[in-house]
Amino acid sequence: MNFKKSVLKRVLPLFALAAAGLAFIAPSASADTEKTLRIGYQKFNSLNILKGTGALEKALASQHVKVSWHEFAAGPQLLEALGSGAIDLGHAADTPSVFAQAAGKPVVYLAAEQPYPRGIGILADKDSAIDTIADLKGKRVAIGRGWNAQYLLVLALEEAGLSYKDITPAYVNNAADAIAALQSKSVDAVGLWDPFLAAAEKTLPVKTLRDGQGLSNNRTFYLSTAAFADANRPLLKTFFEQLGQTAEWANANPQGVADLLAPQLGIGADVLKLATERRNYAAVPMDAAITAEQQKLADTFLRLGLIPKPLRVQDAIYPDTPLR
């Protein structure tokens with residue numbers, strides 16, 4: 001069997017998992033909806049680890065609150081559900097958070113995670129003639145609208161003396177479609193995020209042209225709506241306490257994280273260990289510096305015409321962070 005076809009046969013099921021994430025979760029019509037905390041999460045991230053431990057359910061039992069978990073393929077879909085009231089809180093990366101605000105979604109930032117620049121990357125086929133970002137001029141790149149990897153692509157192109165207009169974006173909705181496009185050679189490069197980036201680096205014949213180091217901090221943000229946060233401060237305090245304990249454990253035990261998540265995600269423990277070793281899960285309050293990072297991102301996409309109007313990120317910062 002051809003090597004690439006063999007690798008593709010083994011790896012594509014992983015990326016297909018991303019496509020299977022729920023794009024929208026309808027609110028429950030049951031009588032105890034108000035007593036259920038509905039959390040949106042993506043594969044591998046801190047909330048996925050918290051879900052795996054079961055610690056939040058135990059901590060909220062005394063408040064007579066149940067927890068329901070809803071998986072999404074990527075941040076834009078999660079924030080669409082949050083903005084529509086289908087979930088109560090969730091997490092997303094820097095770019096989808098700005099795009100949600102630009103679309104008028106009533107979402108607010110509750111907290112941020114530490115920088116995670118190595119968790120995003122631009123990849124090309126190992127055997128291609130593309131060796132640097134500069135080589136992408138005139139090429140097709142698989143990327144998603146509002147992805148953190150899209151922001152990295154913009155910054156990497158500018159660093160190389162190019163602009164976003166110098167490439168042809170091939171927009172996709174999930175990691176599965178992105179990697180399939182690269183493998184079929186319908187695109188010349190692809191932007192991915194962990195754990196799909198780590199999976200590609202570990203198992204596919206690819207080379208990394210650029211990651212986020214020195215360009216994008218690639219933070220994860222915890223978001224909700226002001227209405228929910230105002231009405232559920234004790235609940236959110238408990239949520240962040242449990243999240244903090246989980247983050248402390250995860251940062252000290254990358255192999256434990258890999259072993260916990262590998263069975264439920266169907267992703268190799270070696271892939272998850274690689275992704276965990278290069279990140280810090282600790283949540284921190286939103287501050288002026290983090291807000292400025294997000295404002296720069298918003299201004300960049302406005303300049304490129306990718307968001308319709310100027311944004312003031314500060315307007316979406318929840319004023320009473322549950323972390324203090």
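The values are calculated or read from the model by the stated rules, or taken from the named source; none is laboratory data. Since we're looking at a predicted model, the values are computed, not measured. Positions of Cβ are backbone-derived with ideal geometry, glycine not excepted, and every protein chain shown enters the neighbour counts. With ligands, DNA and RNA removed, areas are computed over all heavy atoms of the protein, side chains included. Shrake-Rupley method; radii C 1.70, N 1.55, O 1.52, S 1.80 Å.
List pairs: first in the range 139-159 and closer than 17 Å to Y116 by Cβ, second charged (D, E, K, R) and assigned to a helix (DSSP H, G or I), Cβ under 9 Å, 6+ apart or cross-chain?
Between residues of the range 139-159 that are closer than 17 Å to Y116 by Cβ and residues that are charged (D, E, K, R) and assigned to a helix (DSSP H, G or I), the close pairs are N148/D94; Y151/D94.
Are any residues in the range 248-266 open to solvent by 10 Å² or more (accessible area, probe 1.4 Å) and either in contact with a helix residue (DSSP H, G or I) (Cβ under 8 Å, 6 or more places away or on another chain) or small (G, A, S) (or both), and if so, which ones?
Listed by number, the residues that qualify are W249, A252, P254, Q255, G256, D259, L260, A262, Q264, G266.
Give the residue that is modelled with the highest pLDDT, with candidates limited to residues of the range 28-59 that are open to solvent by 70 Å² or more (accessible area, probe 1.4 Å) and outside any helix (DSSP H, G or I). Lay out the reasoning, then the answer.
Taking the range 28-59 and keeping what is open to solvent by 70 Å² or more (accessible area, probe 1.4 Å), we get 29, 31, 34-35, 58.
The next check asks that each one be outside any helix (DSSP H, G or I); those that pass are 29, 31.
Values: A29: 39, A31: 43.
Ranking the qualifying residues of the range 28-59, first place goes to A31.
Looking at S68, S128, S62, which is the one that is surrounded by fewer than 19 Cβ atoms within 10 Å (Cβ to Cβ) and part of a strand (DSSP E or B)?
Working: S128 fails: part of a strand (DSSP E or B); S62 fails: part of a strand (DSSP E or B).
So the residue among S68, S128, S62 that is surrounded by fewer than 19 Cβ atoms within 10 Å (Cβ to Cβ) and part of a strand (DSSP E or B) is S68.
Residues to consider are L274, L236; find the one that is open to solvent by 40 Å² or more (accessible area, probe 1.4 Å), out of contact with any Cys (no Cβ under 9 Å at 6 or more places or on another chain) and in contact (Cβ under 8 Å) with a residue 12 or more places away in the chain.
Values: L236 fails: open to solvent by 40 Å² or more (accessible area, probe 1.4 Å).
Going through L274, L236 in turn, just one is open to solvent by 40 Å² or more (accessible area, probe 1.4 Å), out of contact with any Cys (no Cβ under 9 Å at 6 or more places or on another chain) and in contact (Cβ under 8 Å) with a residue 12 or more places away in the chain: L274.
Given V141, V172, V190, which one is out of contact with any Pro (no Cβ under 8 Å at 6 or more places or on another chain), farther than 15 Å from N218 by Cα and either surrounded by 24 or more Cβ atoms within 10 Å (Cβ to Cβ) or not β-branched (V, I, T) (or both)? Full working, then the answer.
Values: V141 fails: out of contact with any Pro (no Cβ under 8 Å at 6 or more places or on another chain); V172 fails: either surrounded by 24 or more Cβ atoms within 10 Å (Cβ to Cβ) or not β-branched (V, I, T) (or both).
Being out of contact with any Pro (no Cβ under 8 Å at 6 or more places or on another chain), farther than 15 Å from N218 by Cα and either surrounded by 24 or more Cβ atoms within 10 Å (Cβ to Cβ) or not β-branched (V, I, T) (or both) holds for just one of V141, V172, V190, which is V190.
Can you tell me which residue among T208, T225 is open to solvent by 40 Å² or more (accessible area, probe 1.4 Å) and either touching a Ser or Thr at 6+ places or on another chain (Cβ under 8 Å) or β-branched (V, I, T) (or both)? I'd like the intermediate steps shown before the answer.
Numbers: T225 fails: open to solvent by 40 Å² or more (accessible area, probe 1.4 Å).
The conditions single out T208.
Residues to consider are L182, L123, L153; find the one that is in a helix (DSSP H, G or I) and over 19 Å from G75 (Cα atoms). Walk me through it before giving the result.
On the way: L123 fails: in a helix (DSSP H, G or I); L153 fails: over 19 Å from G75 (Cα atoms).
Only one candidate passes the filter, namely L182.
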